[in-house]
Every structure is written in structure tokens, then in C-alpha cells.
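S.K.: Here's a structure for you.
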Amino acid sequence: MAVFDTPQEAFGVLRPVCVQLTKSQTAENVQLLHSRLQAVSDSALQELQEYVLFPLRFTLKMPGPKRESVFQGVVQCLTFVLSTTCVKKPDLLQELFSELCVCLASPSAPHQLAPLSEELKQAVVQALLALLHSAYGDVLLTLYQPSTLPHLGFAVSLLLALAEQEKAKPVKISALKCLQALLLQCDCPEDHRPLDGEELRRCGDLFASFLPGVSITLSRIITGDVKQGHAVVVSATRLFSRALSVVMADEQLAQVPPKGEESALGPSNRLSELLVHRGSDWAKSTAAKLCILIRKVVERVSAHPHWKARKELVEMSSLLMATCGRSLVGSVGQFVKALVGLVNDESPEVQSQSQEALRSIAARGAVAENRRLADLLSEELHSLTTALPRLMSSQDDQGKLSTLNLLLGYLKLLGPKMNIVLRSTSHLQRLSKALMQVLELDVQDVKIVEERRWWGPEGSRELPGSLIRHLQEASSQRKSFRFFTEDRIFFLLQQVCRVLGYYGDLYLLVDHFMELYWESVVYRKQAAMVVNELIAGAAGLNVEALHERESALGKEELKGVVASVLEEYLDAANWHLVTSIQGEDLDAEPAVKHSGLLAVPPEARSPLPPPLHSRLSVHSMNSSIWQICTQLEGVGSFAFALQKDFQGLLISVLYPVLEKAGDGTLLVSQVALGTLMAICQACGYDSVPDLIRLNADYLVDGISLHLRHLAHEPRASRVLEAMLRHSDAGVLPLVGDVIRDVLAALDRGHSDRTPLFLGVMHTLMTMLDSWFVVGHQAEGTWEQKGGPLTGETEPQERRPAAGPTVEEMEAFFLEYVRQKQVAEGELPDVEDEEQGEHLPDLESESNDQSSEVENPLPAHAQIAKEVMERCVHLLSDKSLRVRLKVLDVLELCVTVLHQHENHLLPLAHRTWPALVTRLTSDDPLAVLRAFRALCTLGARSGDFLRQRFSKDILPKLAGSLVTQAPVSARAGPIYSHTLAFKLQLAVLQGLGSLCRALDLGENDLHDVADACLPYLSVKQPVKLQGAACSVFLHLGQMDPDAVWLFLSEVWCPQTYEPPHPSLCPVKLSGMGKKRNEFTDNVQRLLDELQ
């Protein structure tokens, strides 16, 4: 707080210090004066202003070199005085102004900056700023006279040099702020006296002399290195706009008198030469030169990474369009370009401000020279669309974003007037061809073709909801475009198309782009993408608009447009494209007539597609995949656009989409599933199974009719597979007839179609397994009960406390006798009874005491039985591919039928001879698959196959293991990748559980142990050692004593002394042996058994 409030007190304190500083210019004296000044009140200091300034000014004007610390202290002290007092004398203002400017200039070269430190330069600039703020309004205006023009020019040149050449960011920003205050455009919070029209015009006349240097230097600063920071760019852009708004203001230029009527400036002809007459010729010439600088500034700042710089550009464009619209008529397009390009900026602040500026422009309706805004925008739009392909191929990602933001902004600003532009053939052609080139996909990626849909033997379960919701997004994220990789760029292109659809004439646009769709295969994918977004935009889906459209398209009209587009998408020439060269995919693409929109193909309405050539390239298949995916995305987008009204188009859409959901190409099937989810959400279905179930009638009808035509069978089978895979058990009664049609087609024996129908059977059995078997696991299996199934058609509940009753014991032994007879082959020949609808009741033939009548088979079990009967015949097919598929289907049939033993066991009996052949004399792949089927069959049928396995399979299996053991023991690391290794591993992994399931006898178990013993050697691959150990552990659960004795004969780590001398000592072959290759694994197994 001030201590000295009166001038007298303050003078008494300040006088000695001022005298001392005048005598001795030291840093201590300056610091002492500064501290004393802080103790003086503002009013007292105002009275003593000139007295205090004298020693400071005297120090500044002292000739010779000065100590920088003294110099800087004096300037800071001067700044303090000026910031707390007011300069009331014009002479003092001009003298101080000149003295401070001289401090920045070099003594030897006044037009250059003095070699001062950054701190001293900053202090001088702050002093200048304080001086300009301390002068009263009328006093300050005395600085802006023609006579002071040289002083102003000197200051402007020095400050511009500081802003451009100085490296320190604070100095640059301070110099720019000081220049802004010097141009009377200060935006500080202090109040400044507003200038009237005449004063503004007089200042504008003076500043016009500096405009070339100011504008050129500032443009260099703005377009300089981005490392200088956004704050410098913001300050320079603000000063650039304020300088132009003062000198080029329309109101001022309109009031400039002719050159002959100007008042005389006095005798100084030199000053008259410095002044600029802002006549019409000068204004046109200057505007043309400024147009170049404005273009550079707009291009650089619109792509600046910091949002504050882009926001300042919006303010500059809005200010100059409002104040200089007529004088800078040639730059109006650049200002509009800046505003339009930033209307979709990622920063909310920039976006909202640019939108507000555009709304104000649109409200005025016309711009410079009475040209309508739509005309200006159409010209800019035409130029931009012409250059768009070149810009997208040459710019970086940030430049591409700015270019597309500009295009989108033009369209938004045109709004309802867009149709005026679109009806111009030139504009529409330029726009459409630009979109076609920019949206061109890169179809060189091999992975898209390689990735195949695969459903494992466990089958497919319903995908998680979170994954399904993102299936549609997956394809758009994986799209690879030629000219860009950024997701935001694709989003902007989508918005461009949606805004076109929202405001434009949808009939005109769809017709034009569908013409491009048919014009060339090169444009087909891009045209489909554009049409999809056009219809989404016409429906108002996720469209950001500046104006409301004049009239929206009615639901019926939109539905008509969608129906016409779907008709083209689903045409055979565009829908049934080759996406793979793998087996059945080639067979699935014969030359057939176009199917149109219906599930049942109508008469041909267009020429047959060209025949499939053998020269299929990855490029063409990749292109076909993306075309199908784009059209599938369009179906989903159309469903969202029409909502409930899309229900009427389901009859024409659902069958083709399900066909693609069953496609072998992973991407196509994923996008098709996403389309099904979109249809569910749009039409109000709870889930995809609900959608399929409620529309199954005409789907099944279409499949049945297609199965009657050889050419349509592959696609019909895909639809059926997709129906089964993506629905629930409720669909089974609805597809029963069509499943019988497939079985009938399989019986007709077309060898080239057999794998196709087996694929359907595999999917069917996989889904039956997931729908019915999983739910019955809790009812009890042979594993849960500790032995084979009791043979009853309905599993009984376990009694935890009470023991078995007499009746139960009797039933158990009777069932044991019956199963033994069946195992020995003593059962009626069922070959002659195939024509019957059901197999004979074995229980009634073997057990006359049973009077129970067997319950009819459930529908799913009856289907599994019929499928398994076909597998019996096809197991001996000459095609390895067919045999492998049959074995997979057979395994699933056994799983589904395991609850119905009376039907499973006879079928297992019929299957056995062919299965033995597959296991003993077939390709290794078939052997591997057959052994897996055998394991499943053994697990489900109990000891029914015991004797057959012991007689037909076990000797050859054990012999093969023994023969192959030395080979694997000598093999190197690469052996684990061979088919022989995989076969050994599969046999060892499944043999133990198979022995338990079949309840093999003692001799058979000994044979198994002998065969597996070589694999306990440490010379064997680690995986084979582990699998062999698992076999012995399973055997140990069946007969632990025998296994212990067998292993102890190999290696026994301890001796056993008899408990009494009368007993003979125990002697085992493994006692006393040295450690060998079997020791480690045998010791581990013995520890487990104990």
C-alpha cells in the first residue's frame, strides 16, 4: 500500500534518488528508484511524472555503451511509471515513443535491430505497450498525424522485425501485441475511447502506407515453421485481420475523397509522397495482391493442428467478410472456403463458431458484387471436385481431412439450393467422378480371399451380442482404400454422401450413380457405397445439417427407390460372384439365369453371365468380395432407413442375405450376419433366430424348389446351412421337409454334389448336438453312473442312499447278457428292414419278459438316425474328401443318438466293417478322423464294441504303434509337424479313454501297455511321452495292480522284504536295474498310482 500520498512527501523521497541516478547510472540506483516508486501513490506519481522520467530518459540517451543490467532496469522502471500514470502532453508522448524505438535499433544501422538480449527486447516492447496505453485518447491521436508518419513507420518496421526474426516466443508475441495496439486495434480489457468515422478514415490513410510490409511479414510468420507455436500464429492472424479491416474497410473506402480534393499537407512534399491515396485504383490493385496472401494464410491455418489457430481463422474470415466484403471481393471465396472447411472441425469450439458465421452469411443471402451465395459456392464446388482426386493422392492425412471438410461444408452451406447445382450436368459429373476415384478400394490384399469361414466339430454357438453389434462396423474398418487410410476421412466421405441425399433430388442422384454402377466394374463398388449413403441421408440417419430441407421424401417414395436399388443389387450378375477358387465355391457358381428379387427365380430377364474362366486372379476375387459386402451393407442400411416399412421387402431380401451368411468367405459371412442383425433391429425382431423362425415358410419353400434344379442346389444348401446355424431348436419342425429333400438329393447319388450335401448334414448334426445333447447331459451318462447304460429308453435318477433292488440287479444282468449277445454278432439282420420307418425293438427280441413298448424317437433323433444310415453307405466312397466329411458327420450322429441306445447299437453294428477299413487301410488323414469317430462311438456305446475292437482294431493299432516308435524316437524337431506324428499323438491321447469306455479285458490291457511302453522313453517327443503317460493312468483306473506290476517289471526303485521268514521274497524284473530311458516316466507313473 502507498505510503506517500501527497506530491510533497513523494518529492522529498524521490528527489535524492533521482539526483543520485542522474549523477551515477548504476543498477543499484535504478533498483533503489524502482523500490521508492512503489511506495508512492498513483496520484502523487502523476504530479511528479516528468520529474521522475527525467533521470530515466537521461540514462537512456547517454552516449556510449551501457551496461545491460542498467539498461533493462531503467526500461522496467519506465514501464512501471507509464503503467501507473497518464501521458497528457503530446510532445512527451512523441519523445518517449521515439526514444524507446531508438533503444531497439542498431546505432550503426537504424533499420536493423540492435544486438540486445531477449529480456531487454521484451522489456522495451512492454514499455512501448505501456506508453500507448497511458496516453489519453486525444493525446494518442496526435501520434497519428501525417507529420509523425516516419516515426510510426520506424516503430512498425522494428516491431515486425522482432516478430519475424526473434526466436523467443514471448518476445514475438509481445511485439505482435504492441503492433496491434499501435494500429489502434488493441483487445486488452482496458477501455479505449472509440474513434469516430473521420478519425478512423484518417488512421486508415496512415496505415495504408504500412499495409504492404505488415501483410507480407505477417503472412510469412503465419505460414512459417509450426514449431514456433500456436500462440504466435494466433496473434499474427489476429493482427493480419485487424490491419486489413482498418485499411480495406468498405465504409472508409466509400468516403475517401478524390485525390484533387484532399487537403494540403503543408510544405513537406516528402511527407505527401509517403502518404497513400486510397482511391478505387489503389483498392483494386491492393486487393489483388492481398488475395495471394490471404490464400496462403487460409490454406496454412485451416490445416493447423491446434484448434485455437483454426478458431482465429474463423474470426478473421467472419470479420473481413463483414467489413471488407466489397473491397476484397476476390478473396470472398477464400473466406467462405475457410468457414466451410472448418464447419466440420473436430474441435467443438471451432465447429460452433464457424457454423454461426455461416448461418449469418446464409441469412444475408448474397455476397460481394450482388452475386448470390449459391453461385459463389457452386463455382468453388466445381473447382474443388475437379481437383479432389489430385489432392487426395498428393496430400497428407491432415490435408485430406481439410479438403473433405471443405467439400462437406460447401454442400451444407448450399443446403436446399443444392439441386440448382446438381441439375448442372457438369457439376454432377465432376462430383460423381471425384467420388468414384476417391472411394476406390485397394483390392490387392490376399488375406481377404484367404480367410475362410470354418465351423469346428463342436459346432457354432450364437455369437456374443457385443460382437454381433459390431459385425457391420468390422467390414468398414477393414476397408483398404487406395488414396487414404484414416478412418476419419472415410467418415467425412460418408457424411458428404449423406448430405447429398438429405438435400438433393434422390431420384436424380440414385439414377446417376446407378448408371455408373452399370457403366463399369471399376466403379461398381464405389457407386454402391455412395447409393447406400444417399438413401441413409435421405432418411435423415446421422446427418449434420445447417438448414432444414424444404421437403422430405415420403416413406412410400423412399421404399420405391430402395426396391429399385435392391433389384439391381440382388441380380445374379451382381450377387452370385466368384469369391474363391476352393472346391465347392467354383462348383457353386454355374451360369444360371438371374434370380431377381424372389427366393424362387423368375424367368430370365437379362443375358446369362459370362462363363467362369480358369484365369481367376486374387484381384478379381477380392473385388467381388468387397462388392458383395458393400451390397450387403446397403441392405442393412436400407432396413434402418425404412424401419418397419422394410418388412414388405423381406420376402425378396432374406433368402439372398442368408445365402451370403452361409458363404465360405469369412468377411462375406460376417457382413451378412451383421445385415441380419440390422434387419432384426429395424423390423422389430428380437433376434436372428426369431427372424428366421417367423419367416421360415417361404425360405423353406424357396430351398425346396431350388433343390429340384441342379444348378441351384449349392446356393440352396448355403441358405439351409445359414438357417440352421443362426437359429434355435424351434426351427427344426419347420425345416423337416426340406431336410428330407436334402437326404433324397443325397440318395440320388450325384458324386459331384455329395460334399455339398454332406456339408449341410454336418451343420445339421452340429446344431442338433448343441440344441439337444447339451441339455441332456445332466440326466446321466455312463461316465456319471460308473458303468454302461442300463439300456432303458429313459435314464433313471440315481439313488444316493439306498442300494440296488432285486429287480434292478436282475435287469442289470439281463441287459449284460443281451449286450454280450449283440457284441458277439447274435442279432437279427437289419439290412432287410431298412425300408421300415423304425428299427426293430432289440430289447423285445432279446428279453421276452419285458412288456414295455418303446417310445417313438424324438424328431431330432430320427433325423440323426436317417443321416447315420446314409453315412454307412458313404464311408466307402472313393473320394477322400467325402470320406473325411462322412466321418465328421458320423461322429456327430453318434453324439446325438447316444440317449437312444436301441437305435444307436444296430447302426454301430452296420457301420463297423466300413469303419474298420478306414482305420486299417486308408489314407492317414482318414485314419486320424476314423480313430476320433471310434473314440466317440466307444464312449457312447459302452462295451458293445469290446470284442470287435479287440479282434479287428487293437492288434493292428498296437502293431502300428510299436512299428512307429523307433521312427519317432530317432526323429528331430521337424517330426512334430508330420502327419505320422499327429496320428501317433491322436491314438495315444484317445486310447486310454477308449479302453475305459470299452472295459477291455486283462489280456487286451496288457497288449495296450506293451504297445505304449516304448513311448515312455525320454527319447520320444515330449508330447508323445505325455500322451503315453495318460494311457497308463487310464489303465491304472481300470486295474491298478496289474499296471503297477507291469511298470515295476520295467523299473522298480525299491526292494520289498517279506513280513515273515516263511514267505518267499518278492522278485521283480525292475529291481536293481540302473537308470535308463524309461526310468523318469515310470517313476512318475508309479508315484501317481500310489
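S.K.: Keeping all protein chains in place, calculate the accessible area per residue for the chain (probe 1.4 angstrom), answer in Å².
M.R.: 45
S.K.: Follow-up. At a temperature of 4 °C and a viscosity of 1.567 mPa s, determine how fast the chain diffuses translationally according to Stokes-Einstein, using the Kirkwood radius over alpha-carbon pairs as Rh; express D in µm²/s, rounded to the nearest whole number.
M.R.: 34
S.K.: To continue, here is another question. How much length would be gained if the chain were fully extended between Q8 and Q681, taking 0.36 nm per residue of separation minus their Cα-Cα distance, in nm to one decimal?
M.R.: 233.5 nm
S.K.: Something else: What FRET efficiency would be calculated for the residue pair D1010, E1057, taking the C-beta separation as r and a Förster radius of 30 Å, to the nearest 0.05?
M.R.: Once rounded, the FRET efficiency stands at 0.50.
S.K.: Starting from the Cα gyration tensor of the stretch 656-739, take the square roots of the eigenvalues, sort them a ≥ b ≥ c, and report rounded, prolate or oblate (rounded when a/c is under 1.5, otherwise prolate if a/b is larger than b/c, else oblate).
M.R.: oblate
S.K.: With an 8 Å cut-off on Cα pairs and a minimum separation of 6 or more residues, tell me the relative contact order of the chain in percent.
M.R.: The value is 5 percent.
S.K.: Let me ask you something else. For n ≥ 4 DSSP H runs only, could you compute -39500 (n - 2.57) per run for the chain, divide by its residues and tell me the 222 nm figure to the nearest 500?
M.R.: -20500 deg cm²/dmol
S.K.: Right, here's the next one. How many nm is it between the label spots at A573 and R748, if each spot is 7 Å from the Cα in line with the beta carbon?
M.R.: 2.9
S.K.: Please work out how much length the chain gains when fully extended from Q20 to K878, using 0.36 nm per residue of separation minus the C-alpha to C-alpha distance, in nm with one decimal.
M.R.: 297.0 nm
S.K.: Can you find, among V896, A357, I420, the residue farthest towards the positive end of the dipole of the chain? Put +1 on the C-beta of Lys and Arg, -1 on that of Asp and Glu.
M.R.: Of the listed residues, the answer is A357.
S.K.: So, one more: Are there trypsin sites (Lys or Arg not before Pro) in the stretch 131-199 that DSSP marks as loop and that have at most 13 other Cβ atoms within 10 Å, and which are they?
M.R.: For trypsin sites (Lys or Arg not before Pro) across the stretch 131-199 that sit outside H, G, I, E and B with at most 13 neighbouring Cβ atoms in 10 Å, the list reads K167.
S.K.: Does anything in the stretch 102-141 have its amide N under 17 Å from the 7 Å Cα→Cβ label point of S69, and if so which residues?
M.R.: Those under the cut-off are 117-120.
S.K.: Run through the stretch 44-99 and list the GluC sites (Glu not before Pro) located in a DSSP loop whose Cβ has at most 14 other Cβ atoms within 10 Å.
M.R.: none
S.K.: Further, regarding this structure: Shape verdict for the stretch 889-977, please, from the Cα gyration tensor: rounded (a/c under 1.5), prolate (a/b greater than b/c) or oblate.
M.R.: Note, shape of the stretch 889-977 comes out prolate.
S.K.: Same structure, new question: Take the cross-link list K169/K308; K23/K172; K337/K400 and give me the ones stretching past 25 Å between alpha-carbons.
M.R.: Too far apart for the 25 Å limit: K23/K172.
S.K.: Let me spell out the model: positive unit charges on the Cβ of Lys and Arg, negative unit charges on the Cβ of Asp and Glu, origin at the Cα centre of the chain. What dipole size does that give, in debye rounded to 20?
M.R.: Dipole magnitude for the chain comes out near 6120 debye.
S.K.: Using mean Cβ contacts within 10 Å as the protection proxy, how do 1043-1049, 633-639, 1026-1032, 486-492 order, highest first?
M.R.: So the order, starting with the most tightly packed, is 633-639, 1026-1032, 1043-1049, 486-492.
S.K.: For the stretch 857-910, what is the charge dipole size about the Cα centre, in debye to the nearest 20, if Lys and Arg each add +1 at the Cβ and Asp and Glu each add -1 at the Cβ?
M.R.: 260
S.K.: To continue, here is another question. Which residue, P16, A39, T26, has the largest displacement toward the positive end of the dipole of the stretch 1-52 when charges sit on each Cβ (Lys, Arg +1; Asp, Glu -1)?
M.R.: Farthest towards the positive pole: T26.
S.K.: Ok, one more. With a 1.4 Å probe and every protein chain kept in, tell me what percent of the accessible surface of the chain is carbon plus sulfur.
M.R.: Roughly 53 percent of what the probe reaches on the chain is carbon or sulfur.
S.K.: Measure up K433/K525; K121/K296; K227/K479 against 25 Å on the Cα-Cα distance and list the ones that go over.
M.R.: Too far apart for the 25 Å limit: K121/K296; K227/K479.
S.K.: With θ set to phi - 60° and the Karplus curve 6.51 cos²θ - 1.76 cosθ + 1.60, what are the ³J(HN,Hα) couplings of the stretch 215-221 in order, to the nearest whole Hz, using x for Gly and Pro?
M.R.: For the stretch 215-221, the Karplus curve yields 5, 5, 5, 5, 5, 5, 5 Hz.
S.K.: How many percent of the alpha carbon pairs in the stretch 313-447 exceed a separation of 24 Å?
M.R.: Tail of the P(r) past 24 Å holds 33 percent of the pairs.
S.K.: Quick query: amide H of T665 versus all other amide H atoms, modeled in the peptide plane; which residues come in under 5 Å with a sequence gap of 5 or more or a different chain?
M.R.: Close amide H contacts, sequence-distant or interchain: R453.
S.K.: From the backbone phi of the stretch 711-722, what are the Karplus-calculated ³J(HN,Hα) couplings (6.51 cos²θ - 1.76 cosθ + 1.60, θ = phi - 60°) in whole Hz, Gly and Pro given as x?
M.R.: Whole-Hz 3J(HN,Hα) from phi for the stretch 711-722: 5, 9, 4, x, 6, 5, 5, 4, 5, 5, 4, 5.
S.K.: Report, by chain and number, residues whose modeled amide H sits under 5 Å from the one on M1071, excluding near sequence neighbours (fewer than 5 apart, same chain).
M.R.: Amide H neighbours of M1071: C1052.
S.K.: For a test of the definition: using alpha carbon positions, the gyration tensor, and the 1.5 limit on a/c, classify the stretch 953-1078 as rounded, prolate or oblate.
M.R.: Judged from the Cα gyration tensor, the stretch 953-1078 comes out oblate (a/c at least 1.5, b/c at or above a/b).
S.K.: Tell me the net charge near G959. Cut-off is 12 Å between Cβ atoms, G959 excluded, with +1 for each Lys or Arg and -1 for each Asp or Glu.
M.R.: For residues surrounding G959, the net value is -1.
S.K.: Under the Kirkwood approximation for Rh and a Cα-based Rg, what ratio Rg/Rh is obtained for the stretch 865-914?
M.R.: Answer for the stretch 865-914: 0.96.
S.K.: Using alpha carbons only, how many angstrom separate the centre of the stretch 536-574 from the centre of the stretch 884-932?
M.R.: Value for the Cα centre distance between the two parts: 54 Å.
S.K.: Just to confirm my numbers, what's the Cα centroid distance between the stretch 31-64 and the stretch 663-712 in Å?
M.R.: 91
S.K.: Say the dipole of the chain comes from +1 at the beta carbon of Lys and Arg and -1 at that of Asp and Glu; which of T917, A243, S727 then lies farthest toward its positive end?
M.R.: A243
S.K.: By how many nm would the segment from V967 to N1076 grow when fully extended, if each residue of separation counts as 0.36 nm and the alpha-carbon distance is taken off?
M.R.: Contour length minus the Cα-Cα distance gives 37.3 nm.
S.K.: Might you report the magnitude of the Cβ-based charge dipole of the stretch 274-347 about its Cα centre, with Lys and Arg at +1 and Asp and Glu at -1, to the nearest 20 debye?
M.R.: With Lys and Arg at +1 and Asp and Glu at -1, about 220 debye.
S.K.: A follow-up question, please. Using a Förster radius of 56 Å, what is the FRET efficiency between D375 and Q38 based on their Cβ-Cβ separation? Nearest 0.05, please.
M.R.: Calculated value: 0.30.
The values are calculated or read from the model by the stated rules, or taken from the named source; none is laboratory data. All values derive from a computational prediction rather than experimental measurement. Please note: Cβ atoms are built from the backbone with ideal geometry, for glycine as well, and neighbour counts cover all protein chains shown. Note: areas computed on protein heavy atoms with side chains; ligands, DNA, RNA excluded. Shrake-Rupley method; radii C 1.70, N 1.55, O 1.52, S 1.80 Å.
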